[in-house]
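What follows is a set of notes on a single structure, which appears directly below.
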Amino acid sequence: MALPATRPKKHHSREEDDDDEEEEEGKEEKKSAVANAVPRAWLETTANETLRLKMMETTTTTRETTTDFVGAMSFLEMKCYASREEIEEESEREWMYALTERNMRKMYEQTWGWNSLEKRRELNHQCAKFVVVRMKEKGKDVAKPKAFAHFRFEVDDDDVASVYIYELQVEQTMKRSGLGKVLMQACERIGVGLGLKHMALTVLKTNEGARAFYAKIGYEETDHAPTGAHYVILRKKI
């Protein structure tokens, strides 16, 4: 009996392998560039879909444990900004910085030090994008910001176009309310919608609470951080 024909393996030269790698890197760079051009309206629609699905998911569980949470979520709204310039209210810009300082300054000072100017520059970066969760108080029409995520579309250390989370900050009064998880899910949904493959972020080694939170929602530590660094780089496939 004759054996079925098999396709011979193609042998690549080192130059061909390098060309293939450059082509793949070029594709990922293009994905990142396309993502950076996405308008605010699309980001906001996609992020708010996360809230809608969360509401549906929550209402299917037991009434005893979800009534307060569902009630709180009904007062939530998500706003997105495709660039820093789209944030019209200066007070909102200042709130982002002030919240980051309140939550992180002490931890920074115990490691590499707090630099107010550098943090403001980071928040004002031309590629910075934001998802802000606002909450309306009962009887009031104005929704106040309670948490935000600062993210960018970048090619990560594995040469893969990713959503890179620069900040995830939640007001102390809203800690353990689920807002952090909802924000991360919104950013992940945005990444999936754009065809990106990874989420990535940096967290201080001393921030044990944040490391536990990210591990719980599927983020894994990588070996990309420099030796002796005060931080670790986490990644999640989406």
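The values are calculated or read from the model by the stated rules, or taken from the named source; none is laboratory data. Everything quoted here is computed from the prediction, not taken from an experiment. Every residue, glycine among them, receives a Cβ derived from its backbone with ideal geometry; neighbour counts consider all protein chains shown.
Structure values in brief
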| item | result |
| --- | --- |
| Filter result (touching a strand residue (DSSP E or B) at 6+ places or on another chain (Cβ under 8 Å) and part of a loop (DSSP other than H, G, I, E, B)) within region 196-216 | 196, 197, 205 |
| Test: residue in region 157-173 that is surrounded by 19 or more Cβ atoms within 10 Å (Cβ to Cβ), in a loop (DSSP other than H, G, I, E, B) and of a type outside the set (Phe, Trp, Tyr) | yes |
| Number of the exception - residue 192 against (1) out of contact with any strand residue (DSSP E or B) (no Cβ under 7 Å at 6 or more places or on another chain); (2) over 18 Å from residue 49 (Cα atoms) | (2) |
| Pairs, first touching a residue at least 60 places away in the same chain (Cβ under 8 Å) in region 93-112, second assigned to a helix (DSSP H, G or I), C-beta under 7 Å, six or more apart | 96/123; 100/119 |
| Unmet requirement for residue 197, which otherwise passes all of (1) closer than 20 Å to residue 29 by Cβ; (2) surrounded by 19 or more Cβ atoms within 10 Å (Cβ to Cβ) | (2) |
| For residue 188: the one exception among (1) surrounded by fewer than 17 Cβ atoms within 10 Å (Cβ to Cβ); (2) under 12 Å from the mean Cα position of the chain (by Cα) | (1) |
| Condition check for residue 225: in contact with a Lys or Arg (Cβ under 7 Å, 6 or more places away or on another chain), among the small types (Gly, Ala, Ser), surrounded by 15 or more Cβ atoms within 10 Å (Cβ to Cβ) and not in a helix (DSSP H, G or I) | no |
| Yes/no for residue 201 being at pLDDT below 95 and either within 21 Å of residue 133 (Cα to Cα) or within 11 Å of the chain's Cα centre (by Cα) (or both) | no |
